[in-house]
Each structure stands twice: as C-alpha cells, then as structure tokens.
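Asker: Provided herewith is a single structure, encoded as structure tokens, for subsequent inquiry.
Readers should treat all values here as calculations from the given coordinates under stated rules, not as data from a laboratory. A quick note: this is a predicted structure, and the numbers were derived from the prediction, not measured. Cβ atoms come from the backbone with ideal geometry, glycine included; neighbour counts cover every protein chain shown.
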Number of protein chains: 2
Amino acid sequence: MTEAAASSRSGSGALTKEAIGTAARRLFARQGYAATSVRAIAAEAGADPALVIRHFGSKERLFLETVAIEGRFDHVTSGPLESLGARLVESLLTEAPELTFSTWRAMLRATDSDLVRSRLIAAMEEMFIEPLAPRLSGPDPELRARLVAAAISGLLDAVAILADRLIVEASVEQLVDLYGRSIQALVDG
Amino acid sequence: MTEAAASSRSGSGALTKEAIGTAARRLFARQGYAATSVRAIAAEAGADPALVIRHFGSKERLFLETVAIEGRFDHVTSGPLESLGARLVESLLTEAPELTFSTWRAMLRATDSDLVRSRLIAAMEEMFIEPLAPRLSGPDPELRARLVAAAISGLLDAVAILADRLIVEASVEQLVDLYGRSIQALVDG
DNA sequence: GTCCGCTTGTCAACAGTGTTGACTTACCCG
DNA sequence: CGGGTAAGTCAACACTGTTGACAAGCGGAC
C-alpha cells in the first residue's frame, strides 16, 4: 500500500503515538492495567482518548505493545550449569530489577486477558525454558527446566507482588545462596 | 420475583445474601475479579444489583468475603522436617487442588487492590511461614520459611495461571520428587 | 386498630470506563 | 488549484460500580 509514502510523509502521527506509548508504559507500570484508564493515558500524552484507540486498536493491544518483558538472560543460561541457580537469582535481583519487577507485576495481574497470559508464557519459555532445557542432562530435562521457571516466578511474586519485606531487604548474597541452591537442585536433577 | 418476595416474607434477607455469596463465589472463581460484574452476580442470584452492594458494601468486600484461601496444611508443616518438601508439594497438588488453584488465580489477579493483596499475604504467612519458621534450625529460619512460601507461589503460578501443560500433566510423584527436593534444600538450609 | 421503626427490596440516576463513527483539519502529490 | 489521505476532535454508545430516594411488608407499643 502506501506505507512507505505514509512513513516518509509526516512524523507528526508517529510522534504522538510514541508519546502515547511512553505515557502508557509509565502508567501501566505504576498503577497496573485495570487501574490505568485510556483517558488518563491520553491526558498524560496530551492527546485525545479516541486517538489512543485509533493508534493501538484497543487498550489491551496498547498494553501488549508497550509493556513487554525484555529481560535478557542468555549470559546466565549459557554459562556453566553447576552455578546456574546462583547466577540466575543474582541476575534477577541485580540487573534492572525495577523494570523486571514492575513488568512482572503488571503482566501477571493482567492475565485475565488470554493475550497477556500467552504473551507472558511465551516470554518465560523464550527467556528460561528454551535455552535451558536442551542443556540439562538426566531425566525429564524439559520438565525440570519448566520447574526452574516456576521457581523464578515464585521469587518474582514474593518481591514484586507480595512484597515480602524480609526477602526484599535481605542481602543479594543470602538470596543467591539460599534460593540459588534450591533452584540448583532442579538443575542437577 | 414472587418467589424472592415469598422467601423474604417467610424467613429473612440472609437467604438472599447467601445466594448472592454463592453466585459471587462461582463467578469470581470462573471469570476472575475484573471480568465479573456486580450486575452479573445479581442476575445469577436473582437479585437487584443495588442489593448486592447494600449487603456487602462494595464489590471488593464481596470478593474478600466470598473467595478466601482456606487451605489447611497444618498436618504438613507439623510433620517431620526431613520430608517436608515432598509432603508440601504432594499436599498442594492432591488436596482439593481445584479450589486451591482457582482461588490462587482469582486472588493473585486481583492484587491491584491493597486489601486483596494484604489478605493474600496474611494467608501465606498463616498457612506456611508462621508454622514453619520456628521449626527450622540453622541460620535465617524466617527468611528460609518465606522463600519456601515463594517457591510454593511459583508452583501455584505455573499450574493455575501460566497453566504449564508439562507440569500440569506430569505425575504427582515426579513433581513431588523434583520440586519437593528443591524446596527441601530451603528447609535444610 | 393505628402508628412507628426496621429490614428488604426496587428504581432511576450518577460519574466513570472502553470504544465507535462522523466530522474537521492539514498536508502532500498530481 | 483539487483531491486524497492521514491525524486529530467531538459526541455518543453500552457498560461498569455505587448511591439516594422510595415502596412494601413486618413486629411491637400505645
């Protein structure tokens, strides 16, 4: 069609779309999906509520397009297996943890939507299960990799949603030692 | 409508309140908090939407009063420590799992509400952390008990929310063996 | 018997939500 | 200049949770 012409024509539309996206990202991360209204996003971006829908199709698609889990754990999952549990926990807790936690919180609470749910599943599989499963030796490597992912989601729950104070305020070394050893039991099989 | 009038004449409004409660419980468990409207609950109970609010105060309080985590794991947490991980996983997977899972799903998704969130935290502490922490020996018993709770919430996530097919379809013995051993590492410290 | 108070229920309305369609504006190409 | 199209605006729709005014039936007091 006229996509090339349209994109080269004028940057005005793409600019406000970008503004809407960043406003949505901020509000979704801070208040969650349900508590953030399209009108609030529009106001924050200085745009009309109808324009938000016209640019992104729906509030749900706006959420999916803006708040995405993008943690990269390749360096962890590709490292030595005997220290994987510890390195996994450390990476989760130290590398841009604020982003990881708020994203987890926002997405998990929005899993009413099947689209959000399948997106979350896909992210977990891509980040942890798929890189990990083929490397595990012993019985049921795939199942064990998925249980590792379950343990990770449990840690994210504790920090991002339940906000367990003792866990949040514990030292990274302690958590790496304790929870890392627990995950390591799944890796070793 | 004549039936409702008749019931109100014979006994009390507590009957219709009960009907509203069971309708709410069913719909919340099946569709979650956000997707269930007060009007749908009222229709299912054969009552007026305004009556729902008058009886329970608000949709949020209705949710809190109807869907509550009531799992009892005393027999597990008071048993022998050396097999606690395995017995915990087995108990979670076999004892009224449908109720446990749907309740976990409904509550976790509704943690936008601070009331729901603190209720969920209280339930986890009462069911797992408080009975377990004083029994653990070694360093940081409280922190380790809370990490056990985190691991549990991860397993619940995998089954109830992410609906991980390999985990759901795995045999209880496999999960007890693998994830139980992982939790046991936290218990042993 | 009549009135009062109380619970139980009904109705219409409010402000807020996501979303849609009609409409205007502004721009680039021919 | 004229036409087509993307960008933006506006009012409206159906829906949400919640509220206040009001009716109906009941038990007890005088």
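Asker: State, to one decimal in nm and shortest first, how far the label point of B:ALA96 sits from each corresponding label point in the other identical copies (label point: 7 angstrom along Cα-to-Cβ).
Answerer: B:ALA96 label point versus its equivalents elsewhere: 4.3 nm.
Asker: Right, next: Please arrange B:SER118, B:SER113 by counting, for each residue, the other beta carbons lying within 10 Å of its beta carbon, fewest first.
Answerer: By the 10 Å Cβ count, ascending: B:SER118, B:SER113.
Asker: Then there's this: Normalised by the residues of region A:34-189, what does the relative contact order come to in percent, with Cα pairs under 8 Å and at least six apart?
Answerer: 29 percent
Asker: Continuing with the same structure: Plugging the Kirkwood radius over Cα pairs into Stokes-Einstein for region A:3-66, at a temperature of 20 °C and a viscosity of 1.002 mPa s, what D comes out in µm²/s?
Answerer: Answer, rounded: 181 µm²/s.
Asker: A further question follows. Ordered shortest first, which distances in nm separate the 7 Å Cα→C-beta label point of A:GLU44 from those of the other copies?
Answerer: Nearest first, the other copies' label points are 3.2 nm away.
Asker: Kirkwood Rh over alpha-carbon pairs of chain B, then Stokes-Einstein at 10 °C and 1.306 mPa s: what D in µm² s⁻¹, rounded to an integer?
Answerer: D = 87 µm²/s.
Asker: Would you mind classifying region A:78-170 by shape? Square roots of the alpha carbon gyration tensor eigenvalues, ordered a ≥ b ≥ c; an a/c under 1.5 is rounded, otherwise it is prolate if a/b is larger than b/c and oblate if not.
Answerer: Because a/c hits 1.5 or more and a/b fails to exceed b/c, region A:78-170 counts as oblate.
Asker: Which distances in nm, rounded to one decimal and ordered from shortest, link the label point of B:GLY189 to the equivalent label points in the other identical copies, with labels set 7 Å from Cα toward Cβ?
Answerer: From this label point to the equivalent ones elsewhere in the assembly: 3.2 nm.
Asker: Hey, how many Å between the Cα centroid of region B:117-189 and the Cα centroid of region A:69-99?
Answerer: Answer, in whole Å: 21.
Asker: With charges set only on the Cβ (+1 for Lys and Arg, -1 for Asp and Glu), what does the dipole of the protein assembly as shown come to about its Cα centre, in debye to the nearest 20?
Answerer: 1460 debye
Asker: Let me ask something else. What is the distance, in nm, between label points placed 7 Å from the Cα along the Cα-to-Cβ direction at B:ALA96 and at B:ALA163?
Answerer: Placing both labels 7 Å along Cα→Cβ, they lie 2.4 nm apart.
Asker: What's the average, rounded to a whole number, of partner chain beta-carbon atoms within 10 Å of each residue's beta-carbon in B:175-186?
Answerer: 5
Asker: Let me confirm one metric for peptide A:99-111, namely the mean number of other chain beta-carbon atoms within 10 Å of its residues' beta-carbons.
Answerer: Per residue, the number of nearby Cβ atoms from other chains is 2 on average.
Asker: Let me ask something else about it. Counting residues in region B:61-118 as N, plug N into 2.2 N^0.38 Å and put the Cα Rg over that result.
Answerer: Against the compact-globule rule of thumb, the ratio is 1.33.
Asker: According to the Kirkwood expression over distinct Cα-Cα pairs, how big is the hydrodynamic radius of the protein assembly as shown, in Å?
Answerer: Taking every pair of different Cα atoms in the protein assembly as shown, averaging 1/r and inverting gives 22.5 Å.
Asker: Could you rank the peptides A:177-185, B:60-68 by their average count of other C-beta atoms within 10 Å per residue, with the highest value first?
Answerer: Peptide ranking by packing, descending: A:177-185, B:60-68.
Asker: Once phi is turned into θ = phi - 60°, what whole-Hz ³J(HN,Hα) does the Karplus curve with 6.51, -1.76 and 1.60 give for every residue of region B:15-30, x standing for Gly and Pro?
Answerer: Couplings: 5, 5, 4, 4, 4, 4, x, 5, 4, 4, 4, 5, 5, 4, 5, 7 Hz.
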